[in-house]
1. For K299, give me every one of the lysines with a C-alpha distance below 21 angstrom, ignoring sequence neighbours fewer than eight places off in its own chain.
2. Non-local amide H neighbours of R369 (under 5 Å, H modeled in plane, Pro and chain starts lacking H): which ones?
3. Lys/Arg Cβ at +1, Asp/Glu Cβ at -1, dipole of the chain taken about the Cα centre: which of S193, G572, V371 is farthest positive-ward?
4. What residue among Y79, L51, V17 has its Cα farthest toward the positive end of the dipole of segment 1-136, where the charges are +1 on Lys, Arg and -1 on Asp, Glu, each on the Cβ?
5. Please report the relative contact order for segment 364-435, taking Cα pairs under 8 Å with a sequence separation of at least 6, and give it as a percent rounded to a whole number.
6. Dipole of segment 377-481 (Lys/Arg Cβ +1, Asp/Glu Cβ -1, origin at the Cα centre): which of W441, A454, A393 lies farthest to the positive side?
7. Rounded to the nearest 5, what is the percent of antiparallel bridges among the DSSP beta bridges in the chain?
8. Please give me the summed charge of the neighbours of T388: other residues whose Cβ is under 15 Å from its Cβ, Lys and Arg +1, Asp and Glu -1.
Amino acid sequence: MASDLDFTFSDTVAGRVLARRGRRVELRTPGGGTVVVHLTDVTYGQRLRNLGDPYQDVTGRLEDLLAPGALVFSHGPVYPHEDGLHHQATAIVVVSGPGEPPPYESPGWWTAQLRQFARFYRRSQFGDGPIDFNDYRTEIRGGGDKTAIHVQETDTISRMVYGMASAFTLTGEQDFLDVAEAGSAYLHDHLRSVDPVEDVVSWYHGLDVGGPRPRAFYASEFGDDYRAIPAYEQIYALVGLVQTYRLTGAPALLADIEGTIRLFERFFADRRLGGYYSHIDPVTLDPHHASLGPNRSRKNWNSVGDHAPAYLFNLYSATGDERYRRMLEHTFDMIVTHMPDRSGGSPFVDERFHADWTPDRSWGWQQDRAVVGHNLKIAWNLMRMNATMPKPAYRELAERIGRTMPDVGRDPRRGGWYDMVERQPDHGRHAFVWHDHKTWWQQEQAILAYLVLAGNTGDDGFLRHAEEASAFYNAFFLDHDEGAVHFSVLADGVPYHVGGERLKGSHAMSMYHKAELAYLAEVYGRLLVHREPLDLWFRPRADADYPQGLLRVAPDVLPPGRVVLESVRVDGAPYDDFDPASLAVRLPRDRARHLVRARLRPAGSAP
């Protein structure tokens, strides 16, 4: 007669090897527990590999690689027994062998990954031919081909532009910059709205180019924001424009950026109580209009906090303009003042608010629920802000989130970070809202949160969390068959290709998050964590409009004094008109377009 324990399931376990006795391998999991994995005659092993790299079989070397200190993932059947779970290893992914650093900590790993992303999206949208954004489509299938949906969303174009501009910055490949500049021009020519009376710029939701004439959507067509102008769509319209402006200094881009910021300050800003409203009416531009329904007189994390990572840090880095530093300060003051749970009932921040900053815990799908990635995003952006304007409240909240989140948002056995959980615990557990899947962008937030925290604090615990999050992302999200990354995976790392999550391009996914991760992971990993040099490329236009005529080459708002500009080459030749401390290059006065390569290195390291 079968017992209640006669069943099996497949699962993944992550960990560092503690000991191996014959075919029994004992692992220490990310959460600190121990699991014994049983090898069989048919267990096979592979090395962790980057996009574009060939499969690396290590089946014949597992005996040597599975030594104490190795970081691995094991997947296979699990047999419940009276004495616990028995994990049988079908497949082993060796992230790093004993005494080896993980491969994603080596110079160029993230740059190579970003290059692969850029080539995938370039090929998906335009093939190998000319770059024509009339052919751009928001929806892209898993293999890169376009669906029958003929919509061009402003935000997804802008996010692709960001990714291409970032890829050029790290690689110097001109084709990527060509895409970024073409996309920026397309946004300016086709998806921009100028109000000369109010002197503001706003952005259409998108165009339907499937008919004989393009049909424009000014208000949002997305369900949560239908027929309103959501702040986050206007915010992300700038993400690609600002990154391209950093490289080129294009005056038209700066004018569009400044016009959009005037829109935020005049129509979204709450001048009395601070912050920014989440939606405005498309006709009256009023955040309190009855047409907004549940979005009337509301603020949320996106409308307040997303200004900073999407464009403000990059705009401040490019210009040094004190106006943008003050806007950043206001944004983060609102975060530390209003978003932490002051009642002590939840480790997660509040994300939605009424006009008076009272938490709104009944809105739509959010209710009283936490998006794990938003908490992590707050942490790493607070540390960025603390680098340019140190405040105890910024650092305290960033570190508190960093130390709290692993116990409530991370998978302690398999690695990786969850999506949504209930803010309030029930019997000691923050229950999953819908599922225990893991999405690509939440892994980005975890990796960057702990890389930035480690780079700014030197804390080894934060660095370990960054390493483990990077391991899960690189092991399970990279799509080695069709390119780019999977939208989501099941808890055990198996790709989840159902509905919109089977796509590589959609309202929710373009090139932004994966490119931002690769760009900033390379920057922080090289310059702050491993203290190694980094080369960056820029191509200012002949009419570049940079304040004081200075090309500021800092890749991010880094802690003062930690990085210096070692050398500059202009069109391949050495160039000496630069300031090593301020990371600024005074451009040649010949009004020609030049290719600038800047080499940065950690202060105090050997040139």
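1. Once the sequence-local lysines are set aside, what remains near K299 is K377.
2. R423
3. It is G572, whose Cα lies furthest towards the positive end.
4. Result: L51.
5. Relative contact order here is 36 percent.
6. The one lying farthest along the dipole's positive direction is A393.
7. Rounded to the nearest five, the antiparallel share is 95 percent.
8. With Lys, Arg at +1 and Asp, Glu at -1, the net is +3.
The values are calculated or read from the model by the stated rules, or taken from the named source; none is laboratory data. All values derive from a computational prediction rather than experimental measurement. Glycine gets a Cβ as well: all are built from the backbone with ideal geometry, and neighbour counts include every protein chain shown. Surface accessibility is based on the protein's heavy atoms, side chains included, excluding ligands, DNA and RNA. Shrake-Rupley method; radii C 1.70, N 1.55, O 1.52, S 1.80 Å.
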